[in-house]
Amino acid sequence: MERPLSITGCPMKTMPKILILLGGGYHDFKEGGRIIEELLRKRGIEFDTVWDKSVLKDLPRSEYKAVLLYTQGGKLTGEEERGLLEFIRSGGGYAGIHSASDSFKENTEYIKLVGAYFVRHPPVQQLNIKVVDRTHPITRGLSDFTTVDELYIQEHVSDKHVLLEAHLEDIVEPVCWVRNYGEGRVFYISLGHDPNAISNENFQEVLVRGIKWAAGVL
């Protein structure tokens, strides 16, 4: 089994607390969230988990340095969208997993923040994941890998720096990228459909690094 490589020789920084927002349809957010929480505890990342999106409106005045969304569907109120966007624009971090790009699709500024929105997907199957940028802190030292997951075919609406892409027959689709939003950092990975996919060691390594990068400690 391929095992992810960790970064060596990088200065250690204190990991600030992050907020995890879960909830929606079509996915096992309860079990997926539990796996994510267990992973972050093992990696020394402090967090709070909520299921109520209304917390987003207070993000600019919170103690958090990044917010992680594993959500689907819904619509943000004006206050919730403004709170989230202000938080990122002023230097906070955003990390999105899988259906975060299938969330709040009526909120056009949120979709621009993420950089793309979900259109369709083939059946869950084995995907070949290629590392596009081998120098970025999130993917440095990682090798190409395989995973059994759901491939999101997306409409891309904002500029982005692609880190990983999936190859499936004649389909080549970006599955992980980063971008800037004001003074903040945005990290998104479209993998992570179910507990099995979230348990993939390479996915977990990229996710942890992505959260740290978004929070400004990597």
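The values are calculated or read from the model by the stated rules, or taken from the named source; none is laboratory data. In this text, all values refer to a predicted model and were calculated from it rather than measured experimentally. Here Cβ is always computed from backbone atoms with ideal geometry, including for glycine, and neighbour counts include all displayed protein chains.
Computed quantities for the displayed model
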read-out: Test: R140 is surrounded by 15 or more Cβ atoms within 10 Å (Cβ to Cβ) and assigned to a strand (DSSP E or B); value: no
read-out: Filter result (of a type outside the set (G, A, S), closer than 18 Å to E31 by Cα, assigned to a helix (DSSP H, G or I) and within 14 Å of the chain's Cα centre (by Cα)) within the stretch 181-207; value: I198, F203, Q204, L207
read-out: Matching residues in the stretch 152-166 - criterion: being over 18 Å from A95 (Cα atoms) and not in a strand (DSSP E or B); value: none
read-out: Filter pass, E155 being surrounded by fewer than 20 Cβ atoms within 10 Å (Cβ to Cβ), closer than 18 Å to F187 by Cα and either in contact with a helix residue (DSSP H, G or I) (Cβ under 8 Å, 6 or more places away or on another chain) or modelled with pLDDT under 95 (or both); value: no
read-out: Residue, farthest from H27 (Cα to Cα), within the stretch 102-129, restricted to residues that are assigned to a loop (DSSP other than H, G, I, E, B) and in contact (Cβ under 8 Å) with a residue 40 or more places away in the chain; value: G115
read-out: Scan of the stretch 63-94 for residues that are crowded, with 16+ Cβ neighbours inside 10 Å and in a strand (DSSP E or B), ordered by number; value: A66, V67, L68, L69, Y70, T71, G93, Y94
read-out: Residue count, the stretch 111-137 (criterion: surrounded by fewer than 18 Cβ atoms within 10 Å (Cβ to Cβ), closer than 22 Å to D194 by Cα and of a type outside the set (V, I, T)); value: 8
read-out: Test: residue in the stretch 167-178 that is assigned to a helix (DSSP H, G or I) and surrounded by fewer than 22 Cβ atoms within 10 Å (Cβ to Cβ); value: no
